[in-house]
Amino acid sequence: MRLYAVVAAGGFRRYATYRVATLAGVFTNTVFGFIMAYTYIALWDERPHLGGYDMSQALTYVWLGQALLMTCAMMGGGFEDELMERIRTGDIAVDLYRPADLQLWWMAGDLGRAAFHLLGRGIVPMVLGALAFDLALPGSPWTWLAFLVSVALGVVVSFAVRFLVALSAFWLMDGAGAMQIAWLAGLFFSGMLLPLNLFPGVLGDVARALPWSSLLQVPADVFLGTYAGWDLAGAYAFQAGWAVVLLLAGRLLQSVATRRVVVQGG
Amino acid sequence: MAEVGVEGVVGAEPGIAFAERSRLVEGVRAYGLIVAMWLRSTMAYRASFVMTAVGNFVATGFDFVTIMLMFTHVDVLGGYTLPEIALLYGASATAFGLADLVLGSMDRVGRRVRDGTLDTLLVRPVPVLAQVAADRFALRRLGRITQGLLVLGYALVVLDIEWTPLKVAMLPMMVLSGAAVFGAVFVVGAAFQFYAQDASEVQNAFTYGGTTLLQYPPSVFAKDLVRGVTFVVPLAFVSWLPALYVLGRDYPLDLPRWVAFLPPLVAVGCWVVAGLAWRVGLRAYRSTGS
């Protein structure tokens, strides 16, 4: 356990080193936040209470999306590049010798990364958004806490998906295509481009049932106070359920893949 | 677009026009050779190429899908109908796609400065800009252009425009000038990375952010934002002003009608600035020494 805490701290520190890059990222998130906020204003002007959100809730949704984009790695950009490269070059054999679990090792590092991105790239855009627009910020500290729990679950789901994608490199060698498809799905089905409440009919039902809705739609709804009591428990169960299923799938794929490596002689 | 750019620089310094001319030819030739090399290398993993090209098409397509999803709830957005927005979108996406295809790898300059591999480019007898621009040339970016052209085509079929020769000429003019303006933004962004080495994301705010902004009508945005992208970073000339002329709609900020014909001039101006920025940036480069 202590080992993984150290790895997580390492993940945090590693991203904390890139100060200028973080500033640049904050700038970009803020610019996109402004562009999206104005398009949402145009949309909600036309149809108030669209998707069950009022204007300030819709604007809050925009800025939450910018704040969580890197935290939940909706467009990728975490450990998966590196893990894929290690699989391609065969360095993965060294990792497998280590007295640490491969999946837990990378997850610990990714949680550290997510924690840094929440602080480094989440807070400032959110504050700037709140200064420029009338946002619906929760009054109760419990809502903030409930939101953080939901974000944490979202990060684990995001990790589990990206771990599966990275392991595909055992079979594909060049995993760029698989990675791109993963981030496309992440971007669209997380609700980053448009809240999933606005997706029509079956598309909406499917989108809300897929794991990616755990990355933004669910945490945002927790933040906006949509869930209370058992509904909140249900939202958590949805996220945790996907986390468990995907982590188990990753574990299964990992054991199949490692056996393959051994058969090939590393 | 690279050609337009170097010519812009020639115009700025007429005294060395002859030497510059041969450097221009040399640069374009080098660009072509490096591009051909990357094409061969990409084709080594054909399945991956197909996946990323399709991915590129779908990724950019999601932007328009988002707008279509918005229009399942409303009839107009900022006073504009879906086909009208499709025209703005198609023009901006195609222009950006062209710039991205030719110069989209420029955001790797920062990484090269950091890890010292820029030195390798400096010692080669080939213009650095050409080498950097062709670096990791990615043909998969055709996906974005295809998507933009499809949306543009849809708009032109559905819209009921009273065509005049000027309006017809406006379409290729706005796409090509727009691509040149975006290309200049890529070069300025790359030049900026000589100073701020790991700040390549700032560039995304202007390039990807710019094209996202232009996909919506100006009436959606606050006046100050529209002023900024008209007079400071002249993105409004990429699609808004010429497209609004084609659509016969009012311009933002009460601009006069003739500004719709300025994009080629604006593009040349942008490249003069970009060429100077690149030179200043390159001169400020100090190797890591590693």
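The values are calculated or read from the model by the stated rules, or taken from the named source; none is laboratory data. Predicted model, so just to flag it, every value in this text is computed and none were measured. No Cβ is skipped: glycine too gets one built from the backbone with ideal geometry, and neighbour counts run over all protein chains shown. With ligands, DNA and RNA removed, areas are computed over all heavy atoms of the protein, side chains included. Shrake-Rupley method; radii C 1.70, N 1.55, O 1.52, S 1.80 Å.
Worth pointing out:
- The requirement of being β-branched (Val, Ile, Thr) and surrounded by 16 or more Cβ atoms within 10 Å (Cβ to Cβ) is satisfied by B:VAL266.
- Any chance A:LEU198 is over 13 Å from the mean Cα position of the chain (by Cα), modelled with pLDDT of 90 or more and within 30 Å of B:VAL74 (Cα to Cα): yes
- Whichever residue in segment B:196-214 is at pLDDT 90 or above and at the interface with chain A (Cβ under 7 Å from one of its Cβ atoms) and, among such residues, is surrounded by the most Cβ atoms within 10 Å (Cβ to Cβ): B:LEU213
- The requirement of being away from chain A (no Cβ under 13 Å) and either more than 26 Å from B:TRP258 (Cβ to Cβ) or open to solvent by less than 20 Å² (accessible area, probe 1.4 Å) (or both) is satisfied by B:ALA191.
- Given (1) in a helix (DSSP H, G or I); (2) in contact with a Ser or Thr (Cβ under 9 Å, 6 or more places away or on another chain), number of the condition B:PHE137 does not satisfy: (1)
- Scanning segment A:13-29 for residues that are open to solvent by 30 Å² or more (accessible area, probe 1.4 Å), hydroxyl-bearing (Ser, Thr, Tyr) and at the interface with chain B (Cβ under 9 Å from one of its Cβ atoms) yields one hit, A:TYR18.
- Segment B:150-193, residues that are outside any helix (DSSP H, G or I) and either among the basic types (Lys, Arg) or free of Cβ contacts under 8 Å to residues at least 40 places away in the same chain (or both): B:ASP160, B:TRP163, B:THR164
- Every test in (1) open to solvent by 10 Å² or more (accessible area, probe 1.4 Å); (2) away from chain A (no Cβ under 14 Å) is passed by B:GLY97 save one, and that test is (1).
- Screening B:THR81 on (1) of a type outside the set (A, V, I, L, M); (2) under 24 Å from A:MET173 (Cα atoms); (3) within 14 Å of chain A (Cβ to nearest Cβ) shows it passes everything except condition (2).
- Only residues that are assigned to a helix (DSSP H, G or I), farther than 14 Å from B:ARG136 by Cβ, at the interface with chain A (Cβ under 7 Å from one of its Cβ atoms) and open to solvent by less than 40 Å² (accessible area, probe 1.4 Å) were counted in segment B:49-78, giving 6.
- Residue among A:THR39, A:THR28, A:THR71, A:THR89 that is touching a strand residue (DSSP E or B) at 6+ places or on another chain (Cβ under 8 Å) and β-branched (Val, Ile, Thr): A:THR39
- Test: residue in segment B:255-267 that is of a type in the set (Val, Ile, Thr) and within 19 Å of A:THR28 (Cα to Cα): no
Results for (1) open to solvent by 30 Å² or more (accessible area, probe 1.4 Å); (2) in contact (Cβ under 8 Å) with a residue 12 or more places away in the chain, shown as yes or no for each residue.
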position: B:VAL233; (1), (2): yes, yes
position: B:TRP240; (1), (2): no, yes
position: B:VAL246; (1), (2): no, yes
position: B:TRP258; (1), (2): yes, no
position: B:LEU262; (1), (2): yes, yes
position: B:TRP271; (1), (2): no, yes
position: B:GLY275; (1), (2): no, yes
position: B:VAL280; (1), (2): yes, yes
position: B:ARG286; (1), (2): yes, no
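- For segment B:142-184, the candidate set comprises residues that are of a type in the set (S, T, N, Q) and either open to solvent by less than 30 Å² (accessible area, probe 1.4 Å) or at pLDDT 95 or above (or both); within that set, the residue that is nearest to B:LEU87 (Cα to Cα) is B:GLN147.
- Selected residue (criterion: surrounded by the fewest Cβ atoms within 10 Å (Cβ to Cβ)) from residues of segment B:109-121 that are without any contact (Cβ under 8 Å) to a residue 40 or more places away in the chain and part of a helix (DSSP H, G or I): B:THR120
- Helices (runs of 4 or more DSSP H) fully within segment A:42-136 counting 2 or more residues that are open to solvent by 10 Å² or more (accessible area, probe 1.4 Å) and under 20 Å from B:ALA222 (Cβ atoms): A:55-68, A:123-132
For every residue, the table says whether it meets (1) over 23 Å from B:PHE186 (Cβ atoms); (2) aromatic (Phe, Trp, Tyr); (3) in a loop (DSSP other than H, G, I, E, B); (4) within 12 Å of another protein chain (Cβ to nearest Cβ).
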| position | (1), (2), (3), (4) |
| --- | --- |
| B:TYR216 | no, yes, yes, yes |
| B:PHE231 | no, yes, no, no |
| B:LEU241 | no, no, no, no |
| B:LEU244 | yes, no, no, no |
| B:ASP250 | yes, no, yes, no |
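- Search result, residues across segment B:218-229 that are buried (at least 20 other Cβ atoms within 10 Å of the Cβ) and either acidic (Asp, Glu) or not in a helix (DSSP H, G or I) (or both): B:PHE221
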